[in-house]
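The values are calculated or read from the model by the stated rules, or taken from the named source; none is laboratory data. If you're wondering where the values come from, they're calculated on a predicted model, not measured in any experiment. So basically every Cβ, Gly included, is an ideal-geometry build from the backbone, and we count neighbours across all protein chains shown.
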């Protein structure tokens, strides 16, 4: 009886041994690994979202009275963060602190007004803060230059003559007028941008083409036809008209200015034309804050960057990233498929083919910067330089294709991702059953017809898998791009209304490089930091979207050619 | 049901259904009625001989069956008739295979053209992952026939000949992989006869099918013999007895005995053949 009981109810001693034998620890280990991976991914996304998306929310403005060495002064701004710092560290850098403890608290305050103060961020020790106020009528002004301005609106001037003042107890009316002028100003700025970007851009483009044409004729030793000079005169006349219109607009936008009282008591007059938008954060309800958040987030996604990429949006970088990845996919797919078809269908499966296959697979392990150097040396200087000599001699010495650009970047990344597509396609070809090929051949189809009509369609989902992997790798790549076409700031998009619409020779912006540039090359690191998070989040989202699109395409193909998974 | 009547030797029938055999016309084969003849055929895979000195002829518009144990070379022989062996690395063929007056192993022969004249159905149904319609139209499209009306006509005719039309006429645009195994095999037969071959090679066409599907395939083969020369490889001796007019017994790469099915099963001349059909074979 007792023997039976022992075998049924495990004793305490046998318990652990039995538990290990049962395989349960392995299950827990597996589950743990999966949870860890998931936690890492979601933790990363949460971190990016928290820091990146929080940036666009209008924080309340605080006015700190700070005493430094017995002197009292005022700081107005947004509290960005608060942290603990050791007193030893503070003393070591020469900060005199009255605190006796080992640790002190300090806050980072964004006080803006870079044109009047030496830095726009300030550390305030908690022990030095005498009083914190939350004044209602302080405003936060985003400007085209010099970053944010914090202060109290005093009045508005029309060419130096006051038209409204808050002193006349007409605060609300002055604010309303200010907002109306800002809105009017925005319309004017949009008109200026359109005029500069499209009209003047087109004239410049045509002028350059005209110059190249003249030079080409001169190089060929031919006489310049009179119509060219006429055309040039017409363009110059167009330009003069556009310039006059621009001057008028600029003059209009410079008409108004506003007076502001800064936190330290100074009163300054600033041009209203520089204001992007202004708010009274301490006077806003949740709804208006939400609306403001929406506007700023949209600005981030749809606008050009300002102030060395630390303000404004990242639209050109989004555009450049997506366009580059699409071009890369278009280039890599045919090459990869052709190579895989050759390796798997055409070449005999001997030693040479095995060596080739191993070589292609090993290309995937070459560091990406090596591809960048190869791209620069071979594509840009070699192929590009030769193209310039052959087809664009009139533009020399300034290079057309012999300089880093969109085409070379896409081509370099296509080369980088080629092994992925080759390997995936080969696997797809290997999965097409021999019986299907024989069926086609037995009907009198040649090998080529069989390949084209049956085998390749059946392998197409595998090709898409290769493209998905290629997109995932290419979209996140930065190092090679720095050598073959990405720039910090591209003045125009590579796709526009000027013939031939897609400018493959142009340099472009890229989100990955943007992250690097804003995060590590920025003159104003504190201001740029949240944008790094936001841009990183955006890049992750865009890569995910590109991948989802490719996955959706693959699933449609799978449905169509379901033979491989169907039971027979 | 009639009882077997003609044979006095009870052992010789070996339990086969002789009704089927005797219901068939047993016209003697004329010399001119030969569809394909094999002369001194040898085949080896990477130096290992698989067929040795095969010499025989296949009658036109009859069903000829190849039987024999696994690895005896019957599938290899079948695949010589439309040169499917060309696809196998290291396969060397010598001797002649005459289709009408042409040796199909001459280097000047267009293999695609040959395979249009000699169609083939494989052991496992291998429909393409396309619609039922496109499966049947495949061979025609390869030949550049793309006129819708013409295709419609041939697809219907072929599916009717393969006894599949009534089952699929309402879902011609559905994926062929949705059909059952037996239907798939009949679809493959329809696909094969759509290009109007002279000969149809069947390589164990029913071996992966259930008994009812097998029966339908056999009925179909019986129907088709009025229009096509059919060669069938089978493991199943009853099947050979049921569907074929001529039977060849092969063993170890040699053609041991070739005769009318009736005689081969009832009165084999070779000891090996008798051992095999009575089940005494290894």
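Give the residues of region A:115-139 that are farther than 18 Å from residue A:267 by Cβ and in contact (Cβ under 8 Å) with a residue 60 or more places away in the chain, sorted by residue number.
Restricting attention to region A:115-139, the residues satisfying the condition of being farther than 18 Å from residue A:267 by Cβ are A:118-134, A:136.
Selection gives A:120, A:121, A:124, A:128, A:129, A:130, A:131, A:132, A:133, A:134, A:136.
Run down B:201, B:151, B:187 and say which single residue is out of contact with any strand residue (DSSP E or B) (no Cβ under 6 Å at 6 or more places or on another chain) and either within 8 Å of chain A (Cβ to nearest Cβ) or closer than 25 Å to residue B:238 by Cα (or both). Give the derivation first.
Numbers: B:201 fails: out of contact with any strand residue (DSSP E or B) (no Cβ under 6 Å at 6 or more places or on another chain); B:151 fails: either within 8 Å of chain A (Cβ to nearest Cβ) or closer than 25 Å to residue B:238 by Cα (or both).
Checking each option against the conditions leaves just B:187.
Under the condition of being without any contact (Cβ under 8 Å) to a residue 24 or more places away in the chain and in a helix (DSSP H, G or I), which residue from region A:219-230 is farthest from residue A:492 (Cα to Cα)? Quick ask: steps written out before the conclusion?
Within region A:219-230, the subset without any contact (Cβ under 8 Å) to a residue 24 or more places away in the chain is A:220-230.
This time we only want the ones that are in a helix (DSSP H, G or I), so: A:226-230.
Details: A:226: 32, A:227: 30, A:228: 27, A:229: 28, A:230: 28 Å.
Residue satisfying both the conditions and the ranking: A:226.
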Original post:
Going by the structure shown, is residue B:123 within 19 Å of residue B:221 (Cα to Cα), at the interface with another protein chain (Cβ under 9 Å from one of its Cβ atoms) and surrounded by fewer than 22 Cβ atoms within 10 Å (Cβ to Cβ)?
Top reply: yes
Original post:
So which strands (runs of 3 or more DSSP E) are wholly in region A:90-163 and hold at least 1 residues that are over 26 Å from residue A:178 (Cβ atoms)?
Top reply: A:103-110, A:121-125, A:129-133
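I'd like to know if region B:248-269 contains one or more residues that are within 14 Å of another protein chain (Cβ to nearest Cβ), under 14 Å from the mean Cα position of the chain (by Cα) and either within 25 Å of residue B:53 (Cβ to Cβ) or part of a helix (DSSP H, G or I) (or both).
Going residue by residue through region B:248-269, those that are within 14 Å of another protein chain (Cβ to nearest Cβ) are none.
Checked against the condition, which is being within 14 Å of another protein chain (Cβ to nearest Cβ), under 14 Å from the mean Cα position of the chain (by Cα) and either within 25 Å of residue B:53 (Cβ to Cβ) or part of a helix (DSSP H, G or I) (or both), region B:248-269 yields no hits at all.
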**OP:** For residue A:472, indicate whether it is touching a residue at least 40 places away in the same chain (Cβ under 8 Å), farther than 30 Å from residue A:539 by Cα, more than 14 Å from every other protein chain (Cβ to nearest Cβ) and surrounded by fewer than 19 Cβ atoms within 10 Å (Cβ to Cβ).
**Re:** no
Original post:
Going by the conditions given, is residue A:365 under 30 Å from residue A:549 (Cβ atoms) and exposed (fewer than 15 other Cβ atoms within 10 Å of the Cβ)?
Top reply: yes
Subject >> Identity of the residue in region A:475-485, in a helix (DSSP H, G or I) and closer than 16 Å to residue A:543 by Cβ, that ends up modelled with the highest pLDDT >> reply: A:481
**OP:** Could you tell me which of the residues A:105, A:153, A:124 is in contact with a strand residue (DSSP E or B) (Cβ under 8 Å, 6 or more places away or on another chain), surrounded by fewer than 18 Cβ atoms within 10 Å (Cβ to Cβ) and modelled with pLDDT under 90?
**Re:** A:105
Original post:
Only one residue in B:217, B:193, B:221, B:232 is crowded, with 17+ Cβ neighbours inside 10 Å and either free of Cβ contacts under 8 Å to residues at least 12 places away in the same chain or assigned to a strand (DSSP E or B) (or both), so which one is that?
Top reply: B:232
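Would you mind stating whether residue A:500 is in a loop (DSSP other than H, G, I, E, B), under 23 Å from the mean Cα position of the chain (by Cα), away from chain B (no Cβ under 14 Å) and free of Cβ contacts under 8 Å to residues at least 60 places away in the same chain? Give the derivation first.
Details: in a loop (DSSP other than H, G, I, E, B): yes; under 23 Å from the mean Cα position of the chain (by Cα): no; away from chain B (no Cβ under 14 Å): yes; free of Cβ contacts under 8 Å to residues at least 60 places away in the same chain: yes.
No: the conditions fail for residue A:500.
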**OP:** Just one of (1) under 18 Å from residue A:335 (Cα atoms); (2) surrounded by 22 or more Cβ atoms within 10 Å (Cβ to Cβ); (3) over 34 Å from the mean Cα position of the chain (by Cα) trips up residue A:448, so point out which.
**Re:** (2)
**OP:** Could you figure out which of (1) more than 10 Å from chain A (Cβ to nearest Cβ); (2) touching a strand residue (DSSP E or B) at 6+ places or on another chain (Cβ under 8 Å) isn't true of residue B:48?
**Re:** (2)
Original post:
Mind checking whether some residue in region B:145-159 is crowded, with 19+ Cβ neighbours inside 10 Å and closer than 23 Å to residue B:204 by Cα?
Top reply: yes
**OP:** Please indicate, with yes or no, whether at least one residue in region B:75-87 is within 9 Å of chain A (Cβ to nearest Cβ) and within 18 Å of the chain's Cα centre (by Cα).
**Re:** yes
Subject >> Failed condition for residue B:137, given (1) within 18 Å of residue B:40 (Cβ to Cβ); (2) buried (at least 20 other Cβ atoms within 10 Å of the Cβ) >> reply: (1)
